[in-house]
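So the structure is just underneath, and the comments pick up after that.
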């Protein structure tokens, strides 16, 4: 490659039309030298090799076939003329002699042959030069593309890193949407919008039977309507198309009054059930981009998935008969089960009792000495297999159903449970305050107490702090269960 570049630079110094001038100048210079310095040898006839080669060889090697042949013919003619002129009386036989034609013939032959060699070299050089120029252009183009690719790679790497950080931050922030309370999800979604996109005014609407009802909002509520039409305007289009609408989609349909810049549907995970619409009224200009709109759509989808999960959880929770701990039944199941127990007692003339346990530390600033779940676990471990534990509507209340148990047995069980609950709290019974103890009320089925409401009211009214030492001593010899025969009761 370097030799080719040098040859190219040398070729640029050669002028194709200058060879006739060089031939004339060399002949004139050689003649001048002959006249001035060698007057006794006209034409350098006695010189070997002949000085005319100094004209033929450089011209043929430098310029090619035609200049070399021309230089050879000119030098042959001059040499032949001088040879004839130097002969005293040349005859026709002398002219036929080879010695006269030898050097002119060699001048012509070698000038043309050497020029043709130069022509072959020039053709190869032209081919290589064109190929070199083509490769140079390709290399320059590749170098430019490589530089562009490097810049694109740097921008892409920066964009990927930025997107990873954004998505990671966004994913970490979406933990606030992982709620099982439907009412808390939409406010958390709007807070997330405000945090991620600096949105100052937005609203979330829930679908009702006839319209979209405002469920939550951020910013001023003066320009945010409380309801939206369900089957007309932009809201209907968003719900029907299941896609995000922006004000850029159709500027001709801007209506008078409150308007939103972006409206995204809040869909369930199956993309079929619509929970509502996430509407943005005010957004920073630099955030109103395709990426910002995609983020709003993504957050709306996540909010819809959270609402779907919360609704499914609510449905499943309503169908369960046990609470989350698995050691107690729900209050709804208690309401149906106590009616079964009342009907059974009336039918078979049997008896049962209930206990209402109020755990300590109900009102602030007091702190409960143990959790409700641990208390329920302890209560269930100290009962018979037929006894049932229920949660109440009150978060810190527990109901216990004791089949085939009279009032004395219920008091004994209440004293036992109170003792276990106090031990669970690690209290000193000699110095404990009544407010720090679990209070237990009892109620036993009878002709007067033959309804769930009457039993519950009696148990609540009988709440008292039961000290295990005194109560257990009084109930020491009392049987825990009764017979199905009413005479033994």
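Taking the Cβ of each residue in 209, 182 as the centre, tally the other Cβ atoms inside 10 Å and list the residues starting with the fewest. Please list the in-between numbers first.
Numbers: 209 6, 182 18.
Ascending number of Cβ neighbours within 10 Å: 209, 182.
Extension gain for residue 208-residue 423 works out to 72.2 nm (0.36 nm per residue, less the C-alpha to C-alpha distance). Each label was represented as a point 7 Å from its Cα along the Cα-to-Cβ direction; for residue 447 and residue 21 these points are 14.9 nm apart. Using the Cβ-Cβ distance between residue 315 and residue 337 with R0 set to 25 Å, the FRET efficiency from 1/(1 + (r/R0)^6) comes to roughly 0.70. Judged by the gyration tensor of its Cα atoms, with axes a ≥ b ≥ c, the stretch 302-423 is oblate; a/c meets the 1.5 cut and b/c is at least as large as a/b. The distance between label points at residue 382 and residue 288 comes to 6.7 nm (points 7 Å beyond Cα on the Cα→Cβ vector).
As a proxy for reagent exposure, ranking 117, 398 by other Cβ atoms within 10 Å from fewest up yields 117, 398.
Highest-first packing order for the peptide set 309-318, 195-204 is 195-204, 309-318, based on the mean count of other beta carbon atoms within 10 Å. With both labels modelled 7 Å from their Cα along Cα-to-Cβ, the residue 241 to residue 147 distance reads 4.4 nm. For 179, 189, the sequence from fewest to most other C-beta atoms within 10 Å is 179, 189.
Each value in this text was obtained by applying a stated rule to the coordinates, not by laboratory testing. Given the structure is predicted, the values throughout are model-derived calculations rather than measurements. Neighbour counts run over all protein chains shown; Cβ positions are idealised from the backbone, glycine included.
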